[in-house]
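Novice: The structure under discussion is supplied below as C-alpha cells; questions concerning it will follow.
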Amino acid sequence: MAKKKNDSTGTGVHCSFCGKQPSYRDLMVPSPIDEAYICSDCVNQIQGMIKDFVEMEEGPGKQSRGNDAPDSNKKLPTPKEINDFLDQYVIGQDDAKKYLSVAVYNHYKRLSQKTDDVDIEKSNIIMVGPTGTGKTLLAKTIARQLDVPFAIVDATVLTEAGYVGEDIESLLVRLLQAADYDVKKAERGIVFIDEIDKIARKGDNPSITRDVSGEGVQQGLLKLLEGSVVNVPPNGGRKHPEQKMIAVDTKNILFICGGAFDGIERKIAHRLNTHVVGFTGTSEREKVDSDNYLKYIAPQDLKSFGLIPEIIGRLPVLVHLDPLDRDALLKVLTEPKNAIIRQYEKLFRMDGVELKFTPEALEFIVDKAIEYKLGARGLRTIVETIMIDPMFETPSSGVTELVITREFAEEKLRKAYLGS
C-alpha cells in the first residue's frame with residue numbers, strides 16, 4: 001500500500017478513477033502493473049456496487065436452477081436406505097416409513113432434474129396419528145440423515161397478517177436460522193408444521209366472518225406449500241418494519257405436516273358405515289378394524305374435519321401412524337439408539353453408577369403408559385417420576401449399582417399419586 005503523499009511535493013500521484021489527489025485522510029493503493037492508483041473512496045464504491053450486483057442476481061427475479069443435489073459430494077440415499085435408517089430410531093410405523101422414504105427420495109431426486117418438457121412437481125406430506133406415535137421423530141430423523149436445514153414450527157401460534165400472533169412467513173424465518181441465513185441452502189430444506197389440525201376451520205361450511213387462526217391461516221399457507229417467492233423478514237414479525245426483506249423461493253422446500261386430528265375416527269367410521277343397506281352390508285362392516293380407523297383415512301375425511309380442499313390438494317402424500325401397542329411401547333423403551341432407558345443408563349454411568357431395570361419393571365411402565373393413553377411420551381413421564389428420587393440421592397450416596405424393580409416403581413408412582 002502506498003504511503004500518504006502530498007501532491008505539493010511534485011510527485012503527481014492521483015486516483016486513476018476519480019482524479020482525486022491524496023490528502024491526510026486518503027490512502028492511495030498502487031497498481032502492481034502500472035503507475036496507477038485508486039483512492040479509498042473508490043474502493044468503497046466498487047465494493048458497494050459488487051454487493052448490489054450479487055443481491056440483484058440472487059433476488060426474487062432469479063429462480064433456483066435446481067441442478068444440484070442436496071449435497072453434491074454426498075450420494076442421495078435410496079428409499080430402502082432411508083427406511084433402514086429410520087428403523088434405528090423409530091419403532092413400528094412400517095407404512096409411514098415406506099411412504100416417507102419414497103416421498104423424500106423423489107423430492108430430492110426432483111431437485112437434480114434437468115430442464116426439459118416434463119417438470120416433476122413437489123409432493124408435500126401430511127401425517128395423521130395419535131399423540132406420541134412418532135410424527136415429529138420421523139421428520140427429525142429424515143432431516144438428520146439427509147443433512148439439510150430442518151425447522152419445526154407449531155401451527156397453533158400462526159394467525160392472519162395484521163393480527164396478534166406470528167405471520168405465515170415466520171415458518172421460513174425458522175428455516176433460515178437453521179441454515180445460518182444461507183438462502184440457497186434454506187431453499188432445499190425441510191419444514192415440519194406440527195399441530196396442523198389446530199388450524200382447521202370451525203365449521204363444515206366456508207367462513208363468512210374472520211377465522212384468523214383457522215381457515216385464514218390455511219389460505220396463507222397455500223402459496224408457501226405450492227411454491228412461490230416470499231419476502232421474509234430476517235428477524236421475524238412486524239416489530240422491525242425497517243428491516244430489509246430476504247427473498248426465499250419455496251419451490252424446492254419440502255413441507256411435512258403432522259397432527260393428531262383428535263376425533264377424526266368418528267368421521268371415518270361414519271363414512272365407512274354409510275352404505276350398510278342390503279345383503280352385503282353386514283359382511284363389509286365385519287372387515288373394518290374398529291380398533292384402528294386411521295388406516296382407512298382418506299382426503300375427504302380431512303375435508304370433513306376442517307381442512308380446506310385447496311390445502312389438501314397441496315399435501316398429496318397422506319400418511320397415517322398406527323397407535324403403539326404394548327409390544328411396540330416395550331421396544332420404544334429399550335431398542336432405539338436413543339431409547340429412554342439408554343438415556344437414563346448413560347446419565348447414571350456419568351456418575352459411575354450402573355443402572356438396570358428388571359423386565360417386570362419395564363412391563364409395569366408400559367402398562368401405565370397404555371392406561372394413561374399418552375403414547376411414547378407417556379413413557380418418559382412415568383420413568384422420570386420413578387427416577388427422580390434415585391437421581392437426587394445416588395450421586396452423593398457412593399453406590400455403584402442400582403436396580404429398579406417393579407415394587408420400587410409401584411411405590412414411587414403411588415407416592416406421586418399416579419398409581420392410585
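Novice: So which lysines pass the test for K80, namely a Cα distance under 27 Å, with those fewer than 8 places away in the same chain ruled out?
Specialist: K97, K98, K109, K114, K122, K135, K140, K185, K251, K295, K331, K337
Novice: Along segment 390-407, what does the Karplus equation 6.51 cos²θ - 1.76 cosθ + 1.60 (θ = phi - 60°) give for ³J(HN,Hα), rounded to whole Hz, x for Gly and Pro?
Specialist: So the J values, rounded to whole Hz, are x, 5, 7, 8, 4, x, 9, 8, x, 6, 10, 8, 9, 10, 9, 9, 5, 4.
Novice: Where Rh denotes the Kirkwood radius from the mean inverse Cα pair distance, what is Rg over Rh for segment 307-382? Present the calculation step by step, with values, prior to reporting the outcome.
Specialist: Numbers: Rg = 17.3 Å, Rh = 14.6 Å.
A ratio of 1.19.
Novice: So, in nm, how far is label M350 from label D389 when the simple model puts each one 7 Å beyond its Cα toward the Cβ?
Specialist: Spacing of the two 7 Å Cα→Cβ label points: 2.4 nm.
Novice: While we're on this one: Multiply the residue gap between L222 and S112 by 0.36 nm, knock off their C-alpha separation, and tell me the result in nm, one decimal place.
Specialist: Working: separation 110, 0.36 × 110 = 39.60 nm, distance 2.45 nm.
Here the segment from L222 to S112 would lengthen by 37.1 nm.
Novice: R406 versus T381, label points 7 Å from Cα toward the beta carbon: distance in nm?
Specialist: For the pair R406/T381, the computed spacing is 2.3 nm.
Novice: So, one more: At R0 = 51 Å, how high is the FRET efficiency between D95 and V29 if r is their beta carbon distance? Nearest 0.05 is fine. Before the final figure, lay out each step's value.
Specialist: Working: r = 66 Å, r/R0 = 1.29.
The calculated FRET efficiency here is 0.20.
Novice: Once you have the Cα-Cα distance between S397 and N273, take 0.36 nm times their residue separation minus that, and quote the gain in nm to one decimal. Don't skip to the answer; put the middle values down first.
Specialist: Values: separation 124, 0.36 × 124 = 44.64 nm, distance 6.17 nm.
Gain in length upon complete extension: 38.5 nm.
Novice: Just read off the accessible area of S23 with the full protein assembly in place, 1.4 Å probe, to the nearest 10 Å².
Specialist: S23 exposes around 40 Å² with every protein chain in place.
Novice: Could you list the GluC sites (Glu not before Pro) in segment 78-179 that lie in coil according to DSSP, counting only those with at most 13 other Cβ atoms within 10 Å of their Cβ? Walk me through the intermediate numbers first.
Specialist: Details: sites: E81, E121, E160, E166, E169; in loops: E121, E160, E169.
Here the sparse-neighbourhood loop sites are E121.
Novice: Under a crude label model (7 Å from the Cα following the beta-carbon direction), how far is Q300 from Q343 in nanometres?
Specialist: It works out to 4.2 nm between the two label points.
Novice: Expected output is a single nm value to one decimal: the length gained when fully extending between D87 and A416, i.e. 0.36 nm times separation in residues minus the C-alpha distance. What is it? Intermediate values should be presented prior to the final figure.
Specialist: Details: separation 329, 0.36 × 329 = 118.44 nm, distance 3.44 nm.
Stretched fully, the D87-A416 segment lengthens by 115.0 nm.
The values are calculated or read from the model by the stated rules, or taken from the named source; none is laboratory data. Here the structure is a predicted model, which is why all the values come from computation and not from measurement. Every residue, glycine as well, gets a Cβ built from its backbone with ideal geometry; the counts of neighbours run over all protein chains shown. Ligands, DNA and RNA are stripped out before the accessible areas are found, and what is left, the full protein with its side chains, is counted by its heavy atoms. Shrake-Rupley method; radii C 1.70, N 1.55, O 1.52, S 1.80 Å.
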